[in-house]
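Student: Following this message is one structure expressed as structure tokens.
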Amino acid sequence: MARATAPGGYDFHTHSVHSDGTTRPAELAAEAAALGLEGFALTDHDTVSGWDEAREASRAVGLDFLPGIEITTKHEWESRHLLGYGIDPHSGELLAALARVRDSRLERAREMVRRVAADYAITWEDVVQDGDARTVGRPHIADALVAAGYFADRSTAFEQVLHPGSPYYIGTYAIDTLDAIELVRAAGGVPVLAHPAAFRQRAAVQAAELAELAAAGLWGVELAHPENRLDWMPELELAVGDLGLETTGASDYHGAGKPNRLGEQRTSPEVVARLRELVVTPR
Ligand code: AMP
Ligand code: ZN
Ligand code: FE
Ligand code: FE
């Protein structure tokens, strides 16, 4: 608890309305400043569209902003989320890969809504509006179910309808994790593996896999994340130490969409300074 209220540090993984968060990038900056954070990274799913607003708002409140992204990837059929920091937002190859992920997300959401709508009175228009540029995900279907009065919040809608074991669930296209690491590096960015011990996973990411990702160019691992299972951490910490990988911390804040509190886990300024030396994108 002390950690959540102490000033300083960086929240290195947050979402805004550009994907499935409920907070505008500028509001995120204001909330981060009010908490006394030194800075934060905006890491919306598969998009960089929130960066400009977040950067400008951060500048206005004296906050150090780090542009980031959370890429939907898979390694040998296991879902892996890859954070990329400081990438060149004009890198054609990366942008094309991200566009493919977002297109697939849209198709998959349409099909999931078709299935869900057989049993719950929601429509596609309740989920995605005209001109909607957000990266679409299951949380937006959850929001439609909540708005229609079926469930109290996103979490309940996930438990009841949207979880991977449900008959309504459909997977989405994901970039191979090794390819995504290379894409991030080629775009001048720094790749970090998100929530490697998340309780929704079958198991923590194993040492052999981490070694493979490290050989491909992985820079760091998000060891401090509210959804990492503490009983899986000792082994993971050993592997990260052996491989000489950096460690980051973050809340994975989704505004009102998840119980995660902004700044509840953080990255140290020393780690941020080392990362800064590697990236191409200016503040
Ligand atoms: P998707 O990318 O469409 O597969 O949806 C995954 C997103 O849903 C992630 O950003 C998670 O943070 C969020 N999510 C997964 N499970 C839950 C849950 N039980 N409650 C709220 N959000 C969730
Ligand atoms: Zn999310
Ligand atoms: Fe994630
Ligand atoms: Fe996330």
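Student: Could I get the Rg over Rh figure for the chain? Both from C-alpha atoms, Rh via Kirkwood, rounded to two places.
Tutor: Details: Rg = 18.0 Å, Rh = 19.0 Å.
Here Rg/Rh amounts to 0.95.
Student: Mean Kyte-Doolittle of at least -1.0 plus a Cα span of 20 Å or more along the axis: flag which DSSP H helices in the chain meet both, please. List each step's numbers first, then the result.
Tutor: Details: long enough: 92-117 (37 Å, -0.31).
Result, helices passing both filters: 92-117.
Student: Which value, in Å², gives the accessible area per residue of segment 102-162 when a 1.4 Å probe is used on the protein heavy atoms?
Tutor: Details: 3170 Å² over 61 residues.
Averaged over the residues of segment 102-162, the accessible area is 52 Å².
Student: Check each of the GluC sites (Glu not before Pro) in segment 42-137 and keep only those in coil by DSSP with at most 10 other C-beta atoms within 10 angstrom; list them in order. Intermediate values should be presented prior to the final figure.
Tutor: Details: sites: E53, E56, E70, E76, E78, E93, E107, E111, E125; in loops: E76.
Of the GluC sites (Glu not before Pro), the ones in loops of segment 42-137 whose Cβ has at most 10 other Cβ atoms within 10 Å are E76.
Student: Just the number, please: carbon plus sulfur as a percent of the accessible area of the chain, 1.4 Å probe, no ligands or DNA/RNA counted.
Tutor: The C+S portion of the solvent-accessible surface of the chain is 52 percent.
Student: Direction-averaged shadow area of the convex hull around the Cα atoms of segment 102-162, nm²? Display every interim value, and only then the final one.
Tutor: Details: hull surface 15.0 nm².
Projected area, direction-averaged: 3.7 nm².
Student: Given a 1.4 Å probe and heavy atoms of the protein chains only, how would you sort R202, R110, R134, largest accessible area at the top? Could the numbers behind the result be given before it?
Tutor: Working: R202 190, R110 110, R134 70 Å².
Of R202, R110, R134, the descending order of accessible area is R202, R110, R134.
Student: Amide H neighbours of S166 under 5 Å, counting only residues 5+ apart in sequence or on other chains, H built in-plane at 1.01 Å?
Tutor: Amide H to amide H, under 5 Å and 5 or more residues apart or across chains, S166 pairs with nothing.
Student: Further question on the same structure: Give the ranking of F151, F12 by solvent-accessible surface, highest area first, calculated with a 1.4 Å probe. Let's see the in-between values first.
Tutor: Working: F151 30, F12 0 Å².
Sorted by accessible area, descending: F151, F12.
Student: In what order, largest first, do E270, E212 sit by accessible area if the probe radius is 1.4 Å?
Tutor: Details: E270 110, E212 75 Å².
Solvent-accessible surface, decreasing: E270, E212.
Student: For the chain, what does the relative contact order come out to in percent, with C-alpha contacts under 8 Å and a separation of six or more? The partial results should precede the final answer.
Tutor: Working: 580 pairs, mean separation 68.1, N = 283.
Relative contact order here is 24 percent.
The values are calculated or read from the model by the stated rules, or taken from the named source; none is laboratory data. This one's a predicted model, so the numbers in the text were calculated from it and none came from an experiment. As a convention, Cβ positions derive from the backbone with ideal geometry for all residues, glycine included, and neighbour counts pool all protein chains shown. Calculation scope for accessible area: heavy atoms of the full protein, side chains included, ligands and nucleic acids excluded. Shrake-Rupley method; radii C 1.70, N 1.55, O 1.52, S 1.80 Å.
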